[in-house]
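The values are calculated or read from the model by the stated rules, or taken from the named source; none is laboratory data. Source: prediction; values computed, not measured. Because the Cβ atoms are built from the backbone with ideal geometry, glycine has one as well, and the counts that use them run over all protein chains shown. Note: accessible area is taken over every heavy atom of the protein model, side chains too, but ligands, DNA and RNA are not part of it. Shrake-Rupley method; radii C 1.70, N 1.55, O 1.52, S 1.80 Å.
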Amino acid sequence: MRMGDLDSALTTKQVAEILGISHNRVCELVRKGKLNAVRLSDTYFFTPAEIERFKATPKEKGGRPKSKVI
């Protein structure tokens, strides 16, 4: 992201609203490297293209594995 891109950059709060997840989950995705961001001071900034890329990425299934019924 270049300095000129900051005009269209999204904040963590905006990304959380777009993706329907919490602010903490957005930060966790950044720490895990699943969502790319630029950090200035204590604030992450995201490009709209990065959010679209993330939305198009297949997601891992979460939760407990299903138990086998015998």
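In the range 53-70, what count of residues is obtained for those that are modelled with pLDDT of 90 or more and open to solvent by 60 Å² or more (accessible area, probe 1.4 Å)? Within the range 53-70, residues that are modelled with pLDDT of 90 or more and open to solvent by 60 Å² or more (accessible area, probe 1.4 Å) number 3. Before we move on, is Glu50 assigned to a helix (DSSP H, G or I) and surrounded by 15 or more Cβ atoms within 10 Å (Cβ to Cβ)? Taking the combined requirement at face value, the residue satisfies it.
In the range 29-47, the qualifying residues are those that are under 14 Å from Thr11 (Cα atoms) and charged (D, E, K, R), and the one that is most open to solvent (accessible area, probe 1.4 Å) is Arg39.
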